[in-house]
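To start, the structure itself, in structure tokens.
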Amino acid sequence: MKSLLSVRGLGRSDLEALVTGASAMRDALDRGDLAERTLAGRCVANLFFEPSTRTRLSFDLAAQRLGANVVTLNPATASTAKGESLRDTVLTVSAIGADILVVRHDEVGVPQAVADWTGRPVINAGDGVAEHPTQALLDAVTLQRHFGGVGGLRIAVVGDVTHSRVAGSLIHALPTLGAQLTLVGPKAWMPEDSPVEIITDLDSVVGEMDVIYLLRVQTERGGVIDDEYVARFGLHEIRAARMRPGAMVMHAGPMNRGVEIAEEVAESPRALVTEQVRNGVPTRMVVLDLLGRGAT
């Protein structure tokens, strides 16, 4: 693997290898084992042209634990703010010695363009409404660790699917791993051509699912929050009480408490949100290590 731009090119064996490797890495980190410094002397550049907390910090820490030097571009102080083209900025970062580029951008296809421009390994950390590959991988790790596997799980992805790059990756990754995926939300926020089932009534399926995966309404991409949406698709206490025994709640964050998820549900034993965050570093370590080995 030269770059990780999408999960759509990954088959089941590829995904299972990444998930298994990330889970083993999580076990090692929990034991306090030091990771092999496979990126010692290498440079990882984080090029985040959109705000991020979980993804950027976990890539920082993942790269550092593998021994890499890490540089992070601040768009507000970069030369793009002076009118320099994105291509020239990216080529500059590559020319100063960045070996692996982690890219987040609000336009679909930018990570692919960066890979084409530089010839460097690139990790897509989110491109517009398209994909967020490492989020889908860490979610699969979370499911495997909690349930013992992904195959056979019934998972509802609820909310603003059309605008969600997280959903864009989950729609491929989870069914490829054997999960039964259902998209739930307002019809206007559902993809026109979907490879999985679409439902517009959360109450009709909330008691059947093993996992309710909630999406944030992407207001920055045109999503609108109103009282009707919260009433129909928000996971409040009464609705969560109808979930089957052992069913869990997931959310990629940041959570809008009181909108798609109630405070009480977010803090309940059903929530796997903190586990998702914890699995981010080991998952990104495995991806960085794999790309680093391929770039030698």
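Here's how it looks for Ile123: its modeled amide H is under 5 Å from those of Leu4, Leu101, Val102, Val103, which are all 5 or more places away or on a different chain. Could you work out the Kirkwood radius for the chain, taking every pair of different alpha carbons, averaging 1/r and inverting it, reported in Å? So the Kirkwood estimate lands at 19.6 Å.
Fraction of C-alpha pairs exceeding 23 angstrom in segment 133-277: 25 percent, rounded to a whole number. For the peptides 47-53, 246-252, the ranking by packing is 246-252, 47-53, with the highest mean count of neighbouring Cβ atoms within 10 Å listed first. Amide H contacts of Met209 (H built 1.01 Å from N, in plane; Pro and chain starts excluded): Arg244 sit under 5 Å, all sequence-distant by 5 or more or on other chains. Temperature 4 °C, viscosity 1.567 mPa s: under these conditions the Stokes-Einstein estimate for segment 171-236, based on its Kirkwood radius over C-alpha pairs, is 99 µm² per second. Distances between placed amide hydrogens fall under 5 Å for Asp106 paired with Gly128, all partners being 5 or more residues away or on another chain. The HN-Hα couplings worked out from phi for segment 173-190 by the Karplus form 6.51 cos²θ - 1.76 cosθ + 1.60 (θ = phi - 60°) are 5, 5, x, 4, 7, x, 7, 9, 9, 10, 9, 10, x, x, 4, 5, 9, 9 Hz, whole numbers, x standing for Gly and Pro. The mean sequence separation of alpha-carbon pairs under 8 Å and at least six residues apart, normalised by the residue count of segment 133-277, gives a relative contact order of 24 percent.
Put the Cα centre of segment 30-100 next to the Cα centre of segment 247-262 and the gap is 29 Å.
Based on DSSP H segments of at least four residues, each scored -39500 (n - 2.57), the chain has a per-residue ellipticity at 222 nm of -11500 deg cm²/dmol.
Bear in mind that the values in this text are calculations on the coordinates, not laboratory data. Just so it is clear, the model here is predicted, and its values are computed rather than measured. No Cβ is skipped: glycine too gets one built from the backbone with ideal geometry, and neighbour counts run over all protein chains shown.
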